[in-house]
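Since the structure comes first, as structure tokens, the remarks are kept for the end.
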Amino acid sequence: MGPARGVARGNRRGWLSNILTFETMITGPVIHLVYWAGLGVILLAAFGVIGASLGVGIRAISEKSWETLLVVIPGLVGGLLIVLAGGLLWRAFCEFYVVIFRIGDDLGALRRAAEEEQRRAGPPTV
């Protein structure tokens, strides 16, 4: 992402060493997988709402029960709105964690850059 990302790659240690010493966080990439898995679950819930509403609606039509049909339509719309809101909340939840881990990465890069700057400048004069 920004210039701070390039400084973080300047580390000369191996990738396994960086993971084992918590220099590199693996949760950032993992949260992307968690997001897509959660979105799949939300999509299944949406199909469940649609299927249940259509099942009840078809039965209401076959029995000529218009009162039940009038209840099914708002139930379908309400269920889909809840699923949509759930999807948006899930996205916001996952974005929050991505931002937190990117802030941590950027702070680590700034720390390494400051240490490098201090090393180049030499010992402080008193």
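The values are calculated or read from the model by the stated rules, or taken from the named source; none is laboratory data. The shown structure was predicted, so the numbers you read here are calculated from the model rather than taken from an experiment. Quick reminder, even Gly has a Cβ in these numbers, built from the backbone with ideal geometry, and neighbours come from all protein chains shown. SASA here: full protein model, heavy atoms, side chains in, ligands and nucleic acids out. Shrake-Rupley method; radii C 1.70, N 1.55, O 1.52, S 1.80 Å.
Worth a mention:
- Accessible-area composition of region 1-122, carbon plus sulfur, in percent [1.4 Å probe]: 73 percent
- Between ARG59 and GLN118, the contour length at 0.36 nm per residue exceeds the alpha carbon distance by 13.7 nm.
- The GluC sites (Glu not before Pro) of region 55-126 meeting both criteria, a DSSP state outside H, G, I, E and B (loop) and at most 14 other C-beta atoms within 10 angstrom of the site's C-beta, are GLU63.
- Heavy-atom accessible area per residue - region 43-126, 1.4 Å, Å²: 77 Å²
- Label point distance in nm, ALA52-GLU67, each placed 7 Å from Cα along Cα→Cβ: 2.2 nm
- Rounded to whole numbers, the Karplus 3J(HN,Hα) couplings from phi for region 53-62 are 5, 5, x, 5, x, 5, 5, 5, 5, 5 Hz, using 6.51 cos²θ - 1.76 cosθ + 1.60 with θ = phi - 60°, and x at Gly and Pro.
- Think of each Lys and Arg Cβ as +1 and each Asp and Glu Cβ as -1; about the Cα centre, that makes the dipole of the chain roughly 420 debye.
- Once the Cβ-Cβ distance of PHE96 and SER17 is raised to the sixth power relative to R0 = 25 Å, the FRET efficiency obtained is 0.30.
- Calculated on C-alpha atoms, the gyration radius of region 10-120 divided by its Kirkwood radius gives an Rg/Rh of 1.36.
- Net lengthening on full extension, THR27/ILE82 (0.36 nm per residue, minus Cα-Cα): 17.0 nm
- With at most 16 neighbouring Cβ atoms within 10 Å, loop trypsin sites (Lys or Arg not before Pro) (DSSP) excluded, longest segment of the chain: 65-126
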